Amino acid sequence: MAVITKDTTSARSFKHLSLIERSMIFALLREGYSLRHIARQLGRHVSTISREVGRGTTTQRRSDWTNYEAYFPETGQSVYEKNRAH
């Protein structure tokens, strides 16, 4: 007797961003590239890059006490590791 399954969904294969990829995002952002361009360069979906930039962006203070926001790969990696621990 043959078993017929109606499972049409494929198995998901998630791959987390590495610190090297986060460093590449940092470098490409500093060069002024768009999120879409960065996603193409890394072979990732643009939403993955967007979420990572949001995760790794922190507010910094200049010496003249003005604030600015910047992406840091170490911050993104730290937040990722903290979220994985929970």
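Do you know which of the residues in segment 42-85 that are touching a strand residue (DSSP E or B) at 6+ places or on another chain (Cβ under 7 Å) and of a type in the set (Gly, Ala, Ser) is farthest from LEU29 (Cα to Cα)?
GLY56
Given the options VAL79, VAL46, name the one that is surrounded by 13 or more Cβ atoms within 10 Å (Cβ to Cβ), at pLDDT below 95 and of a type in the set (A, V, I, L, M, F, W, C).
VAL79
Among the residues of segment 39-65, which ones are outside any helix (DSSP H, G or I) and in contact with a helix residue (DSSP H, G or I) (Cβ under 7 Å, 6 or more places away or on another chain)?
Residues satisfying the conditions are HIS45, THR58.
When segment 38-86 is examined, which residues are found to be aromatic (Phe, Trp, Tyr) and under 15 Å from GLU21 (Cα atoms)?
TYR71, PHE72, TYR80
The values are calculated or read from the model by the stated rules, or taken from the named source; none is laboratory data. For clarity, every value in this text was computed on a predicted model and none was experimentally measured. Please note: Cβ atoms are built from the backbone with ideal geometry, for glycine as well, and neighbour counts cover all protein chains shown.
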